[in-house]
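Inspection log for the structure reproduced underneath, given as structure tokens.
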Amino acid sequence: MSVKRKYKEIARICGKNMAPLYFGYYILHKCIEAVLVLYIKKYCAVDEKLIILRSFPDYADNARALADYMLENNYDQGYKICFDVSDLQKVKRWNKNVHFISCESKIGNYHLSSLKKIYTAGFLMSTHRPILIRKRARKGQKIINLWHGCGYKDKSISQGKVPANFDLALVPGKLFVTPKSHFWSISKENILPLGYPRYDWLKEKDSMAQQLLDSYKKNQQSKVVLWMPTYRSDKNGVYNDTNTITQFPLIDKVEHWCELDKVCAEHNVVLLVKLHPFQKEYDIPFSQFNYIKEIDNSVFDSADIPMYKFIGLTDALISDYSSVAVDYLIVNRPMAFTLDDFEEYRSHRGFVFDDPRVYMPGHHLYSFQDLKEFLTDVAFGRDEYQSKRELMYGEAICYSSNYCKSILDKLGIKL
């Protein structure tokens with residue numbers, strides 16, 4: 001990252017007035033850090049039994065699924081398993097068996113107290129930005145990109161071609177090896193089509209997740225449809241993948257939301273709209289509706305329930321170009337894809353396939369009427385795409401009876 005870009009980032013985080021002070025601290029800290037790293041590399045060996053995991057948000061997604069599995073199956077008897085989080089105070093109520101650490105400050109410095117762990121860990125795994133940059137890693141360290149899902153959208157044009165800064169990456173199955181090789185500018189041999197650790201959650205019938213799902217139902221017969229649109233415009237204004245005013249697929253009027261709420265009430269369908277963590281807030285009056293509710297990550301944080309345990313219990317999914325639609329093939333239930341901004345999205349963001357609709361085994365929604373018809377089909381149990389989903393599953397996802405174990409075995413992490 002250039003000095004100018006780093007300064008702008010610090011100004012955004014700390015404010016323009018405090019930016020000079022924090023930037024000076026950042027530079028001084030980096031100098032001290034560089035000296036300590038040289039010492040660690042010279043006198044401290046890489047520990048193949050030390051594993052550090054990280055996710056966004058903290059303690060979530062594929063990294064948490066893998067950490068929880070290792071702890072539940074006694075991997076901690078042979079390995080030291082650390083989970084990197086941004087806020088150590090927040091994690092006090094979480095899993096007491098997890099060894100939480102904080103590697104970085106909010107402006108991007110490594111905490112000096114964590115340097116030894118960072119530069120001696122045999123495995124560094126992350127769902128988003130890698131812990132360590134590849135060119136600074138040591139021989140013997142493995143940086144694993146657990147990633148946060150393979151969908152249909154390509155990288156933003158503004159991201160450009162950035163060489164991969166990890167050794168190995170996970171994808172759902174063979175279908176995504178070639179597109180992700182291009183996406184990350186990495187050799188196909190470095191991509192592991194083994195599926196994701198969180199796939200084990202999708203197959204799990206968790207009682208707490210079921211209680212949370214039931215709390216949204218109007219009665220025992222209610223169907224729950226989860227709508228998870230990808231973000232069109234992020235909170236920080238960095239990405240904007242659409243020109244539309246509403247930022248929401250298919251529905252651009254409050255009157256249509258009210259009509260949809262009546263349709264859901266008529267068919268006893270509860271529609272849960274899950275806000276993407278990057279998406280800026282929608283200007284939609286969800287509190288006015290009876291059968292349409294908005295949920296976000298705070299719902300799962302408060303209940304300490306991994307979101308994918310909840311997703312796996314829903315009756316149907318509405319998505320678009322997001323990876324959750326690929327993941328949902330595991331549960332083999334009805335899906336719908338909102339495609340009203342397909343051409344616009346193609347020109348702004350682009351796709352990893354020439355025509356991703358070929359790989360979307362479900363209702364293709366181009367209008368508000370299409371949406372109402374899909375919800376009606378779900379209510380009456382009509383499912384015409386089951387065989388297509390099964391074919392797509394065989395093509396897109398690697399089958400495993402235990403994804404966490406398969407991944408750990410492949411990485412050489414064994415009991």
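No value in this document is a laboratory result; all are computed from the given coordinates. The structure displayed is predicted, hence computed values, not measured ones. Counting neighbours? That spans all protein chains shown, and the Cβs are built from the backbone with ideal geometry, glycine included.
Which aspartates and glutamates, if any, have their Cα less than 12 Å from the Cα of LYS217, not counting same-chain residues under 8 positions apart?
LYS217 reaches ASP315.
Scanning the chain for chymotrypsin sites (Phe, Trp or Tyr not before Pro) in DSSP loops with at most 13 other Cβ atoms within 10 Å, what's the longest stretch left with none? Don't skip to the end; give the middle numbers.
Working: sites that count: PHE380, TYR399.
No qualifying site falls inside 1-379, the longest such stretch.
With a ≥ b ≥ c taken as the square roots of the eigenvalues of the C-alpha gyration tensor of region 3-91, please select rounded if a/c is under 1.5 and otherwise prolate if a/b is larger than b/c or oblate if it is not? Please report the intermediate quantities before stating the final value.
Values: a/c = 3.61, a/b = 1.56, b/c = 2.32.
Cα axes put region 3-91 in the oblate bin.
Beyond 25 Å between alpha-carbons counts as too far, so tell me which of LYS117/LYS188; LYS223/LYS309; LYS90/LYS153 fall in that bin. Each step should come with its number before you reach the end.
Working: LYS117/LYS188 30 Å; LYS223/LYS309 17 Å; LYS90/LYS153 33 Å.
Among LYS117/LYS188; LYS223/LYS309; LYS90/LYS153, the Cα-Cα distance tops 25 Å for LYS117/LYS188; LYS90/LYS153.
Rounded to whole Hz and in sequence order, give me ³J(HN,Hα) for region 186-193 from the Karplus expression 6.51 cos²θ - 1.76 cosθ + 1.60, θ = phi - 60°, writing x for Gly and Pro.
Here the 3J(HN,Hα) series is 9, 5, 4, 5, 8, 10, 9, x Hz.
Under a cut-off of 20 Å between alpha-carbon atoms, report the aspartates and glutamates in cross-link reach of LYS49, not counting same-chain residues fewer than 8 places apart.
ASP68, GLU72, ASP76, ASP84, ASP167, ASP409
Do any trypsin sites (Lys or Arg not before Pro) in region 161-227 lie in a loop, going by DSSP, with at most 15 other beta-carbon atoms within 10 Å of their beta carbon, and if so which? Don't skip to the answer; put the middle values down first.
Numbers: sites: LYS161, LYS174, LYS180, LYS188, ARG198, LYS203, LYS205, LYS217, LYS218, LYS223; in loops: LYS161, ARG198, LYS203, LYS205, LYS217, LYS218.
Loop-located and lightly packed - LYS161, LYS203, LYS205, LYS217, LYS218.
What list of ³J(HN,Hα) values in whole Hz, one per residue of region 52-57 in order, does the Karplus curve 6.51 cos²θ - 1.76 cosθ + 1.60 (θ = phi - 60°) give from phi, with Gly and Pro shown as x?
With the stated coefficients, region 52-57 comes to 10, 10, 8, 9, 10, x Hz.
Going Cα to Cα from LYS4, which lysines come in below 19 Å? Please leave out same-chain ones fewer than 8 positions away.
Correct list for LYS4: LYS16, LYS30, LYS106.
Rounded, prolate or oblate, given the Cα gyration tensor of region 202-396, with a/c below 1.5 counting as rounded? Walk me through the numbers on the way to the answer.
Numbers: a/c = 1.28, a/b = 1.12, b/c = 1.15.
It comes out rounded by the Cα gyration axes.
Using amide H atoms built 1.01 Å from N in the peptide plane, name the residues 5+ places from ALA164, or on other chains, whose amide H lies under 5 Å from its own.
Those qualifying (amide H under 5 Å, at least 5 residues apart or on another chain) number zero.
Once you put a point 7 Å from the Cα of LEU36 and another 7 Å from the Cα of LYS8, both along the Cβ direction, what distance in nm separates them?
Spacing of the two 7 Å Cα→Cβ label points: 3.0 nm.
Which residues' amide hydrogens lie under 5 Å from the amide hydrogen of LYS80, considering only partners 5 or more residues apart or on another chain, with H built in the peptide plane?
The answer is LEU50, ILE51.
Within a 10 angstrom radius of the beta carbon, how do ARG64, ARG5, ARG333, ARG346 rank from fewest other beta carbons to most?
On the way: ARG64 24, ARG5 9, ARG333 19, ARG346 15.
Sorted ascending by nearby Cβ count, the order is ARG5, ARG346, ARG333, ARG64.
Around ILE101, which amide H atoms from residues at least 5 apart in sequence, or from another chain, sit under 5 Å from its own amide H, with H modelled in the peptide plane?
Placed amide hydrogens put PHE83, ASP84, VAL85 under 5 Å from ILE101.
Please list 3J(HN,Hα) in residue order for region 282-290, calculated via the Karplus relation 6.51 cos²θ - 1.76 cosθ + 1.60 where θ = phi - 60°; whole Hz, with x for glycine and proline.
3J(HN,Hα) across region 282-290, in whole Hz: 7, 8, 10, x, 4, 5, 7, 9, 9.
Under the 0.36 nm per residue contour assumption, what length would be gained going from the current alpha-carbon distance of LYS388 and LYS106 to full extension?
Length gained, LYS388 through LYS106: 97.0 nm.
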